[in-house]
Amino acid sequence: MTPAIILIEPQMGENIGAAARAMENFGLNDLRIVNPRDGWPNEKAYAVAASATRILDNVTLFSNTNDAVADLHTLIATTGYTRKMIKPVITPKEAAQKTMQAGAQGNRVGLLFGAERTGLANDDIVRCDSILVIPTSPDYTSLNLAQAIVVVAYEWFCASTSLAQTHGTTGPNATPVNPDLKLATAADVQGMLDHLESELDKADFWKEWKKKPLMWQNLRNIFTRNPLAIQEVRTLRGVIRCLVEGR
């Protein structure tokens, strides 16, 4: 079960094509694009992709991040800095291991990459449970979008190959670590957060509405810092309903 590579508002078709090429090199096949600046399909992407046009032919296009990650259970934000959020910071190798473990449990992972000029928005980072930072020379830390994907895809390929050599199988067919633990999808968690936000709005929780964006980001971060089981999400929604009915 390969991780999904999610490009959020990529600007250059050439980078999308190079990303597809890297994915083909290292056995990844699920490319999702959110609001590409120059539209889709893109001739420049195909020109750069060389023999990886299969990846581009099967791209899934989305208008927003919520829909792009809805079916995924674990989300990892790829960014050059942590944005002062309390989240685990992991290396590409650790991200590969995390992805393989999730696959062994039957869970899907998404790796989020932001636009070339601005990177990921805070709103996209806060929905992820960890932040992937690629170690670089302090003298020059900037990585091209496709370069970052090459590094991450390579580490995933190494991890999956090592597992296959050791156990004769890869993630989706490996023995689940805990087959009874069913993680919530991003859509499940988002539904719970929408429910919570709606009730907080009705209760005038924010008092000063100009403070809501940062306060809501901090609250969301509490629930997305670690993956939630589907039963935990259901329990939280039950708690919200109970508090609302009792107020």
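Rule-based calculations on the coordinates, nothing more; no lab input. In this text, all values refer to a predicted model and were calculated from it rather than measured experimentally. Here Cβ is always computed from backbone atoms with ideal geometry, including for glycine, and neighbour counts include all displayed protein chains.
I want the antiparallel fraction of DSSP beta bridges within the chain, as a percent rounded to 5.
10 percent
What full-extension length gain, to one decimal in nm, is calculated for Gln217 and Ser198 as 0.36 nm per residue of separation minus the Cα-Cα distance? List each step's numbers first, then the result.
Working: separation 19, 0.36 × 19 = 6.84 nm, distance 1.45 nm.
Taking 0.36 nm per residue and subtracting the Cα distance, the gain is 5.4 nm.
Using DSSP to define loop residues, name the chymotrypsin sites (Phe, Trp or Tyr not before Pro) in the stretch 186-247 whose beta-carbon has at most 10 other beta-carbon atoms within 10 Å.
When the chymotrypsin sites (Phe, Trp or Tyr not before Pro) of the stretch 186-247 are filtered for loop state and at most 10 Cβ neighbours within 10 Å, nothing remains.
Quick one: putting +1 on the C-beta of Lys and Arg, -1 on the C-beta of Asp and Glu, what dipole do you get for the stretch 186-246 around its Cα centre, in Debye to the nearest 20?
Dipole about the Cα centre, nearest 20: 200 debye.
Can you tell which of Val244, Ala45, Gly27 lies farthest toward the positive end of the dipole of the chain, using +1 and -1 charges on the Cβ of basic and acidic side chains (Lys, Arg; Asp, Glu)?
Checked the options; the winner is Val244.
Return one number: the angle in degrees, 0 to 90 and rounded to the nearest 10, between the long axis of the Cα atoms of helix 13-25 and the longest principal axis of the Cα atoms of the chain.
80 degrees
Please list, ordered by chain and number, the residues whose modelled amide H lies under 5 Å from the amide H of Ile90; skip anything fewer than 5 residues away on the same chain.
Under 5 Å from the amide H of Ile90 lie the amide H atoms of Ile131, Leu132, Val133, each far enough along the sequence or on another chain.
List residues of the stretch 67-107, by number, whose backbone nitrogen lies under 15 Å from a label position 7 Å along Cα→C-beta of Asn122.
Taking a point 7 Å out along Cα→Cβ of Asn122, the residues of the stretch 67-107 whose backbone N falls under 15 Å are 81-87.
When the helices in the chain are scored as -39500 (n - 2.57) per DSSP H run of 4 or longer and the sum is shared across all residues, what 222 nm value do you end up with, to the nearest 500 deg cm²/dmol? Can you show the working numbers first?
Details: 10 runs with 117 residues, N = 247.
Mean residue ellipticity, 222 nm, calculated: -14500 deg cm²/dmol.
Using the Karplus curve 6.51 cos²θ - 1.76 cosθ + 1.60 with θ = phi - 60°, what ³J(HN,Hα) values do you get for each residue of the stretch 69-75, in whole Hz, with x for Gly and Pro?
Karplus values, whole Hz, x for Gly and Pro: 10, 3, 8, 8, 9, 10, 10.
Defining a contact as two alpha carbons under 8 Å apart and six or more residues distant in sequence, what relative contact order in percent does the chain show?
Values: 417 pairs, mean separation 57.6, N = 247.
So the answer I get is 23 percent.
How large is ³J(HN,Hα) for each residue in the stretch 89-102, as worked out from phi by the Karplus curve 6.51 cos²θ - 1.76 cosθ + 1.60 (θ = phi - 60°), to whole Hz, x for Gly and Pro?
Ordered by residue, 3J(HN,Hα) equals 9, 10, 8, x, 5, 5, 5, 5, 5, 4, 5, 5, 5, 4 Hz.
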